[in-house]
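Worksheet: one structure, shown below.
The values are calculated or read from the model by the stated rules, or taken from the named source; none is laboratory data. All values derive from a computational prediction rather than experimental measurement. Please note: Cβ atoms are built from the backbone with ideal geometry, for glycine as well, and neighbour counts cover all protein chains shown. Quick note on the areas: whole protein, heavy atoms, side chains included, nothing else; ligands and nucleic acids left out. Shrake-Rupley method; radii C 1.70, N 1.55, O 1.52, S 1.80 Å.
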Amino acid sequence: MLLEAQRHIDGLLGGRFVAPTRDFLVGLDETGKGEIFGPAVLAAVIVPRALFRELEEIIGVADTKTAHTPRYWEELFGRIEFYRPQGLDWAIAQITPEEFDRVSINRLLDRDYESLLGETMRRIAPKQARIVLDDYGAGAALEQHFKKLREAGAEVARTTKADDRYLECRLASLVAKREQQRALDAIRRDKRYALEGQEYGSGNPGDPKTVAWLRAWHRTGRPWPPFVKRSFRTIGEIDGAPAPPKRRSVE
């Protein structure tokens, strides 16, 4: 019913997402920066122009910013993965909690997006590509990389809330979200970190279940598990000490 409604609206107003302007659409997005548990995950997705409308119908009603069950993400991802033999493709990078705690997150995002772009653009010519980044405040090094791609003929856009307007970024958000959820599921299944009567919750610092788990773990006197981002203010408040400052550059 949602797809039928979307088709009707698209017929009146045009497509939900910005129409293709090149043969290949490259979207860059990430998830997991705001969660205390697990890695931040970045994704670069390549969408052939020929698949745009079919993927738009599948992904247009998906909300990657809302909490869903693991089954929801797996089923949605399965529908997307069907198109991989037809040219849809992606690459993924992860920022571990240990890195997150030591280095400015924007510097880490710059580093990993540059690496993902290098991998992605080996598969297509710049003149064939529209590249869209869901902008977080990218630094000079990544902007220089974009400049070279523009000079080579690529169309490049940096914009906030790109996953609301660009199909390629919505798909990148989905791929990153699914990978992050798999990492969180692995944490939940690990019996070494289970606490009787406690649930992990969503991993978001605003989730009472997550905060309750963190406080319960702290009471055990054990060091924080490796999946906990200790640089969050919530952890500092529980520890009774401010988090150490992060480095501004990547080694």
Inset, instruction - For Glu98, work out the one condition from (1) without any contact (Cβ under 8 Å) to a residue 60 or more places away in the chain; (2) assigned to a helix (DSSP H, G or I) it doesn't fulfil. - result: (1)
Inset, instruction - Could you run through region 210-236 and say how many residues are in a helix (DSSP H, G or I) and open to solvent by 80 Å² or more (accessible area, probe 1.4 Å)? - result: 3
Inset, instruction - Check region 200-207 and report whether any residue there is closer than 30 Å to Met121 by Cα and either modelled with pLDDT under 95 or of a type in the set (Ser, Thr, Tyr) (or both). - result: no
Inset, instruction - Evaluate region 2-22: report whether one residue or more is touching a strand residue (DSSP E or B) at 6+ places or on another chain (Cβ under 9 Å), at pLDDT 95 or above, loosely packed, with under 15 Cβ neighbours inside 10 Å and not in a helix (DSSP H, G or I). - result: yes
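Run down Gly206, Gly197 and say which single residue is in a loop (DSSP other than H, G, I, E, B), within 25 Å of Glu30 (Cα to Cα), without any contact (Cβ under 8 Å) to a residue 24 or more places away in the chain and not charged (D, E, K, R). Talk me through it step by step, then tell me what you get.
Details: Gly197 fails: within 25 Å of Glu30 (Cα to Cα).
Answer to the check: Gly206.
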Legend entry - Residue that is part of a strand (DSSP E or B) and in contact with a helix residue (DSSP H, G or I) (Cβ under 9 Å, 6 or more places away or on another chain), where the choices are Leu174, Leu133: Leu133
Legend entry - Odd one out for Val61, checked against (1) part of a helix (DSSP H, G or I); (2) open to solvent by 20 Å² or more (accessible area, probe 1.4 Å); (3) modelled with pLDDT under 95; (4) among the aliphatic types (A, V, I, L, M): (1)
Inset, instruction - Kindly indicate the residue of region 95-131 that is charged (D, E, K, R), open to solvent by 30 Å² or more (accessible area, probe 1.4 Å) and in contact with a strand residue (DSSP E or B) (Cβ under 7 Å, 6 or more places away or on another chain) and also nearest to Lys33 (Cα to Cα) among those meeting that condition. - result: Arg102
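Please indicate, with yes or no, whether at least one residue in region 192-202 is on the phi < 0 side of the Ramachandran plot and in contact with a strand residue (DSSP E or B) (Cβ under 6 Å, 6 or more places away or on another chain).
Restricting attention to region 192-202, the residues satisfying the condition of being on the phi < 0 side of the Ramachandran plot are 192-196, 198-200, 202.
Still in the running and in contact with a strand residue (DSSP E or B) (Cβ under 6 Å, 6 or more places away or on another chain): none.
The answer is no; no qualifying residue exists.
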Legend entry - Hits in region 78-100 - residues which are in contact with a helix residue (DSSP H, G or I) (Cβ under 9 Å, 6 or more places away or on another chain) and not aromatic (Phe, Trp, Tyr): Arg79, Ile80, Gln86, Gly87, Leu88, Asp89, Ala91, Ile92, Ala93, Gln94, Ile95, Glu99
Inset, instruction - Just need a number here: residues in region 136-162 that are in a loop (DSSP other than H, G, I, E, B) and within 17 Å of the chain's Cα centre (by Cα). - result: 5
